[in-house]
Amino acid sequence: MSRLRALLSREVALAWGRGGGPLVAVGFYAGVATFLPLAIGPEPERLAAIAPGAAWVALALASLLSLERLFERDYEDGALDLLLLSPTPLELTCFVKCLGQWLATGAPLALAAPIAAIGLGADPSMAPLVFACALLGGIAFAFVGGIGAALSLGARRGGLLTAVIVLPLFVPPVIFGGGALDAFASGLTWTSGFALLGAYAAAAVAFGPIAMAAACRNALS
Amino acid sequence: MRGTARLLKSLGEGVIRELLIRDAAIRRGGRLLFEGVSLALEAGQACALTGPNGSGKTSLLRAVAGLVRLEAGEIGFGGVDPLEVRGEGLHFVGHADGLKPARTAREELDFWTGWCGGTAASAKDAAQELELMPLLDLEVRRLSAGQRRRLAMARLLAAPRPLWLLDEPLSPLDARWREAFGGLMRRHIDGGGLILAAVHDPLPLPTFSLELAP
């Protein structure tokens, strides 16, 4: 356990140090959120209608940013070899790496999400649900994204490849979360979408590390 | 003898007494690097793996570490479960040392020592032995190649494991440290350890050698 705790704090420290990691992601997120009104038009009623959904899609894109380096750096500098030479199963190591990714970028993005949504004109009463969706969705994005990052190990321009692999897998959480937000905004029951988002996140946490470990082993051998 | 006791403790029942490679062949990227390579290495022995660039020395070391699959042949550890050996019984020190440039030497040493099963005290002892104490607060990127290699090697001492797989361990070291590391390797095999090292220059300790011909 102390091993995994040390790995988690190392991962978070590396993610924070990674060229400002979370700040860059949050900055990108803020950038996309300010871009939208410029393209769509500043009429408050039109913006308010799309605000929660737009904030949610921008979040999915922003969480892609730092995914590329999740395994790539350890692969290049040999740390992945050393992480393997340990009694800790690689699956658990991958789990902790994704958890670190979520703590370092997913959680700050989740904090920024309600601000972006309200800034775009969403009703302030939506803030808690936007935050909860972003937090839960962030888990799904980190653990599904980790699969893409591990699969693109060793490929040139791995970052783009990661995005291409991962974006289709981001579709279900984007639909479920967007559905929950939409339902809440129109006063319908939002819990089913939220529950499905939770189920997707849980599945990603359960199965993602297995796929990541297999992809890492394959990249190394 | 202290070394032996430490090794015994590190692996419980499954002490590695030998490393057996039988008729190994490795293929990388469609090219057959070598075939029919056999080796029997016993506790207390060091083997120098030689051969020209590209002959597969690193790949063989990685295969022993379980990081590369063999095309043919087998690798055994004298009855000890390979999973256990690869989890707790061997160290691999290569060119890619896994050290992060932006972290301090202390952070990296402590993390890898802990990851390999050592303690804070053993990390400190290793740092003292390799004269790393004045360097510990520097970022890894500030270290020279030789200092960085010493930092990577501190793992070997900080978390005792019986089998050392070393990929050109001496190349970035100066004459004094080559001699000193030779002494550490001698101490390791005298304590019942095993060393398989890919080298171009002879090691400063008695070894037998295995040549990989292209």
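The values are calculated or read from the model by the stated rules, or taken from the named source; none is laboratory data. As the structure is a computational prediction, the values presented were derived from the model and not from experiment. A quick note on method: Cβ atoms are made from the backbone with ideal geometry, for glycine too, and the neighbour counts reach across all protein chains shown. Side chains are part of the model used for accessible areas, which takes the heavy atoms of the whole protein and leaves out ligands, DNA and RNA. Shrake-Rupley method; radii C 1.70, N 1.55, O 1.52, S 1.80 Å.
Computed quantities for the displayed model
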| item | result |
| --- | --- |
| Condition met for B:PHE77 (aromatic (Phe, Trp, Tyr) and closer than 30 Å to B:LEU33 by Cβ) | yes |
| B:GLY51 being away from every other protein chain (no Cβ under 14 Å), crowded, with 18+ Cβ neighbours inside 10 Å and not acidic (Asp, Glu) | yes |
| Matching residues, region B:115-167, being more than 12 Å from chain A (Cβ to nearest Cβ), open to solvent by 20 Å² or more (accessible area, probe 1.4 Å) and small (Gly, Ala, Ser) | B:ALA121, B:SER122, B:SER144, B:ALA145 |
| Enumeration of residues in region B:54-68 that are open to solvent by 40 Å² or more (accessible area, probe 1.4 Å), in contact (Cβ under 8 Å) with a residue 40 or more places away in the chain and part of a loop (DSSP other than H, G, I, E, B) | B:GLY54 |
| Qualifying residue in region A:67-81 (condition: part of a helix (DSSP H, G or I), in contact with a strand residue (DSSP E or B) (Cβ under 7 Å, 6 or more places away or on another chain) and within 11 Å of chain B (Cβ to nearest Cβ)) | yes |
| Search result, residues across region B:96-107 that are open to solvent by less than 40 Å² (accessible area, probe 1.4 Å), within 8 Å of chain A (Cβ to nearest Cβ) and aliphatic (A, V, I, L, M) | B:LEU99 |
| Residue satisfying all of: in region A:205-221; within 22 Å of B:LEU70 (Cα to Cα) and among the small types (Gly, Ala, Ser); nearest to the other protein chains (Cβ to nearest Cβ) among these | A:SER221 |
| Selection from region B:69-95 of residues that are at the interface with chain A (Cβ under 10 Å from one of its Cβ atoms) and open to solvent by less than 10 Å² (accessible area, probe 1.4 Å) | B:VAL85, B:GLY87, B:GLY89, B:LEU90, B:HIS91, B:VAL93, B:GLY94 |
| Residue count for region A:172-218, restricted to those that are out of contact with any Asp or Glu (no Cβ under 6 Å at 6 or more places or on another chain) and open to solvent by 70 Å² or more (accessible area, probe 1.4 Å) | 12 |
| Any hit, region B:91-106, residues being within 16 Å of the chain's Cα centre (by Cα) and either of a type in the set (Lys, Arg) or assigned to a helix (DSSP H, G or I) (or both) | no |
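Conditions tested, residue by residue: (1) within 14 Å of the chain's Cα centre (by Cα); (2) within 11 Å of chain A (Cβ to nearest Cβ).
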{"position": "B:ARG22", "(1), (2)": "no, no"}
{"position": "B:ILE26", "(1), (2)": "no, yes"}
{"position": "B:ARG31", "(1), (2)": "no, no"}
{"position": "B:VAL37", "(1), (2)": "no, no"}
{"position": "B:ALA43", "(1), (2)": "no, no"}
{"position": "B:LYS57", "(1), (2)": "yes, no"}
{"position": "B:ALA65", "(1), (2)": "yes, yes"}
